[in-house]
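Notes to accompany the following structure.
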Amino acid sequence: MKLLNTQQIREADAFTTAQEGISSLDLMERAADRCTEWMLNHLGYARKFAVVCGPGNNGGDGLAIARQLHERGLEVDVLLLRAEKYSADNLINQQALEARGIQIDALDIARIEAMSQDDCVWVDALFGSGAREIADTNLCHIVDALNVVRGLRVSIDLPSGLQSDFIPEPKSHVVKANITLCFHKPRLSFFFEETASFLGHWEVLDIGLKEPEIIHTDCYFTTLNDAKSLFRKRPVFSHKGTFGHALLAGGSLGKGGAVILAAKAALRSGAGKVTAFVPQCVVAPLQSALPEAMCLPADSESHLSGLLNPEFFDAIAFGMGAGTHEDTARLLKLLIQNTPIPMVLDADALNILAEEKTWLAFLPARTILTPHPGELDRIFGKVSSSFDRWQNARALAFKTGCIVVLKGAYTRICLPDGQTLLNSSGNAGMATAGAGDVLSGIIAALLATGYSELDAAVLGVFAHGMAGDFAAAKHGETGMIAGDVVEALAEVWKVMEA
């Protein structure tokens with residue numbers, strides 16, 4: 001799914017009206033109808049509504065919503081921001097309300113405070129996709145008043161003061177919505193930690209917009225349908241050799257569980273064969289916990305050391321619980337310099353690269369790097385926002401030619417050509433030790449099976465998040481552990497196969 005910026009949404013609006021032979025007012029009515037129906041279906045009829053409207057087309061949406069609520073027998077108060085100029089469609093909707101005897105009051109703080117009550121739904125239609133940073137003192141006070149009012153806040157298109165394509169500056173004045181109803185596609189700003197408190201629960205409403213073919217974007221949102229389109233069913237005439245041999249290299253004294261989780265996830269994700277290259281102290285636990293995996297002991301008892309011959313494998317994942325011993329770092333350097341097969345570098349492999357930044361220049365193109373925020377910050381330094389961290393991930397992909405999987409909510413897959421694919425699956429219960437190791441095993445298995453680096457990253461990240469969703473449904477977000485995610489992978493692939 002494409003993520004469109006503000007200008008592209010406007011282009012889609014104009015294209016739709018031209019293609020369908022309708023007016024912008026007709027499209028506004030359609031958008032208002034979708035919002036009205038959603039609110040009544042989800043919030044019920046036993047509420048009062050206060051619709052707060054601005055002077056532009058978002059305010060026009062709000063005025064149309066107010067009229068539609070009134071026509072359905074709901075009690076509605078309409079508060080309009082006084083302005084020198086209103087958009088044409090806004091004025092028409094003002095006239096439509098007046099023709100029905102619906103009073104339009106001036107928007108001010110006293111009126112807001114007087115209407116504050118628990119059963120009220122406040123519809124925020126001040127600015128929407130035309131949002132700008134709110135600097136006007138009076139508007140700042142109005143937003144502050146809305147944010148403390150009793151009742152439920154529903155923002156139309158965007159919380160007023162929030163921009164589509166950027167995160168707000170600290171101490172910005174933005175409406176804190178409980179629910180955001182946006183049109184056509186989610187906005188880029190929805191996917192950052194700093195905006196979560198303003199958006200509340202967000203949903204995308206289909207208003208039938210059509211996109212001209214010339215609209216191009218570098219940001220996408222991966223859905224289940226996207227993931228299923230990448231998945232390949234197994235041929236009838238196949239054997240374990242058909243699905244490749246994955247090598248999982250990791251573990252150290254006290255951290256053997258990481259590579260065990262990764263190896264189990266690789267087996268649960270379709271790899272024909274899985275070998276774990278581990279320190280000698282991890283051999284017995286791994287063979288006991290995972291008899292389906294083969295084991296290749298390192299030279300050292302406590303850490304990865306020795307040599308690896310990659311020609312026996314189809315994909316390698318390196319770093320899970322590996323530690324940063326100089327022997328392990330030397331082994332990683334040799335792999336970077338000499339490995340012709342696809343690689344996933346995770347966890348301590350990334351921590352080694354953070355200490356040896358010159359090695360970044362020698363990473364094989366299309367290597368998949370899977371940092372969590374802390375690991376990326378060790379490479380680039382601390383950042384002030386999640387937006388800046390995303391920019392660093394994009395820069396790392398561009399400079400190295402690698403695919404960078406920045407883990408977290410809406411995991412971002414950053415490509416060397418500047419594109420970013422944001423993931424729609426997963427939940428906060430996956431913020432638990434070992435979940436990232438599971439992802440490395442999944443991606444390694446897909447690479448070994450023959451998926452391209454891009455498809456393995458996209459499908460692997462989605463499957464990982466979907467398994468997390470299944471695990472949360474069974475155990476709850478607080479009670480789930482990484483092993484639950486591994487066990488849920490079988491259900492994910494059943495969905496993909498259906």
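The values are calculated or read from the model by the stated rules, or taken from the named source; none is laboratory data. Since the structure is predicted, the reported quantities are computational estimates derived from the model, not experimental observations. Note that we place each Cβ from the backbone using ideal geometry, even for glycine, and neighbour counts take in every protein chain shown.
Structure data summary
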read-out: Residues that are in a helix (DSSP H, G or I) and among the charged types (D, E, K, R), drawn from segment 101-129; value: Arg111, Glu113
read-out: Among residues of segment 26-78, those that are crowded, with 24+ Cβ neighbours inside 10 Å, without any contact (Cβ under 8 Å) to a residue 40 or more places away in the chain and touching a strand residue (DSSP E or B) at 6+ places or on another chain (Cβ under 6 Å), counted; value: 2
read-out: Pairs with Cβ under 6 Å, 6+ apart, first in segment 455-475 and free of Cβ contacts under 8 Å to residues at least 60 places away in the same chain and buried (at least 24 other Cβ atoms within 10 Å of the Cβ), second of a type in the set (Asp, Glu) and assigned to a helix (DSSP H, G or I); value: Ala471/Asp484
read-out: Residues that are farther than 15 Å from Pro186 by Cβ, touching a residue at least 24 places away in the same chain (Cβ under 8 Å) and outside any helix (DSSP H, G or I), drawn from segment 215-229; value: Ile215, Asp218
read-out: Residue satisfying condition, being closer than 21 Å to Glu326 by Cα, surrounded by 15 or more Cβ atoms within 10 Å (Cβ to Cβ) and touching a Leu at 6+ places or on another chain (Cβ under 9 Å), within set Leu396, Leu350; value: Leu350
read-out: Residue within segment 262-269 that is assigned to a loop (DSSP other than H, G, I, E, B) and surrounded by fewer than 19 Cβ atoms within 10 Å (Cβ to Cβ) present; value: no
read-out: Selected residue [free of Cβ contacts under 8 Å to residues at least 24 places away in the same chain, assigned by TED's automatic domain parsing to the domain that holds Gly151, out of contact with any His (no Cβ under 9 Å at 6 or more places or on another chain) and not in a helix (DSSP H, G or I)] from Glu98, Glu84; value: Glu84
read-out: Subset of segment 290-333 [of a type in the set (Gly, Ala, Ser) and under 36 Å from the mean Cα position of the chain (by Cα)]; value: Ala293, Ala315, Ala317, Gly319, Gly321, Ala322, Gly323, Ala329
read-out: Residue list for segment 437-454, restricted to those being within 19 Å of the chain's Cα centre (by Cα) and surrounded by fewer than 24 Cβ atoms within 10 Å (Cβ to Cβ); value: Leu454
read-out: Residue ID - modelled with the lowest pLDDT, chosen from residues in segment 331-368 that are among the charged types (D, E, K, R), more than 11 Å from Phe318 (Cα to Cα) and in a loop (DSSP other than H, G, I, E, B); value: Arg366
